[in-house]
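To start, the structure itself, in structure tokens.
The values are calculated or read from the model by the stated rules, or taken from the named source; none is laboratory data. If you're wondering where the values come from, they're calculated on a predicted model, not measured in any experiment. Cβ coordinates were reconstructed from backbone atoms using ideal geometry, including for glycine residues, and neighbour counts include every protein chain displayed.
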């Protein structure tokens, strides 16, 4: 059988560092617990993924003392990805922090894809109900999920709106480095908050179905525009203290709230919140690198899939958004390997 091997360790530039070989097929045949496997693909040691001169991008780690306001920077290779040739350094620098934060909040903390899939499956299972006099099926039990994004015009909000409207199967992404198409499950209503005319227009351009004024009563606006009393999910990107009681009132029974903004006061998780069996969860995109979690490398894998495979990527082709997000790049890390 054909194989690739080496007789001595040499620099990769050396023609003898890896050589093509013809060697006997494993013998004797597989016995006991052994499996004889036909190899279709192999992985590459992460240390071999980068070479001197590669341009990379990442969001760094707050556990390291040295940031990137300097000429050189050490970073954990597991949270690094190659900078796409299609993006400039400034454009690529604008993406990791906001994109990973939005992704984690929606997929890891709110479990948006799995929940929406389950809700829609439940609605379908309840669709076999009586018809009215005109022969029309009554589908009153069907439920269209909704998410409220407080602070929709900011960096994370801009990305979150687009991800909500282009849901993908995260499990398929993590298990297969192949093209993953967006889902048709974007029957989820994206409700964003904004107040200035330009911010309202921005949220709509990002794909928000509804934009409400955060200076006014949120619940009454949602009732008037969307026709619902509750939202299934709430992503809070602005002043958790100010919005907490409103969110408790707005979140649906068995709904979920995720916030990225630290509180300064104690919050009450009892009362109506307990009665609703609602969930409150934090999102900090540095958690994986800070605690060296087993899935530390997943974020960059997701980011690469979102941006550069067959996933509909409006925030990559939308240079206006990239320019806007570049304003946030003070804490983003992007340097060529030297």
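Annotations for the structure displayed:
- Here residue 264 meets the list (1) without any contact (Cβ under 8 Å) to a residue 24 or more places away in the chain; (2) buried (at least 18 other Cβ atoms within 10 Å of the Cβ) almost entirely, failing just condition (2).
- From the list 71, 91, 77, the one residue that fits, being in contact with a helix residue (DSSP H, G or I) (Cβ under 6 Å, 6 or more places away or on another chain), modelled with pLDDT under 85 and surrounded by fewer than 21 Cβ atoms within 10 Å (Cβ to Cβ), is 77.
- Verdict on residue 257 being under 30 Å from residue 60 (Cα atoms) and surrounded by 21 or more Cβ atoms within 10 Å (Cβ to Cβ): yes
- Residues that are closer than 30 Å to residue 150 by Cβ, in a helix (DSSP H, G or I) and modelled with pLDDT of 85 or more do not occur anywhere in region 48-67.
- Within region 1-19, the set of residues being within 41 Å of the chain's Cα centre (by Cα) and either loosely packed, with under 10 Cβ neighbours inside 10 Å or in contact (Cβ under 8 Å) with a residue 60 or more places away in the chain (or both) comprises 2, 4, 5, 9, 11, 12, 13.
- Residue within region 314-334 that is assigned to a helix (DSSP H, G or I) and at pLDDT 90 or above present: no
- When region 212-227 is filtered for residues that are outside any helix (DSSP H, G or I) and crowded, with 18+ Cβ neighbours inside 10 Å, the ones remaining, listed by number, are 212, 214.
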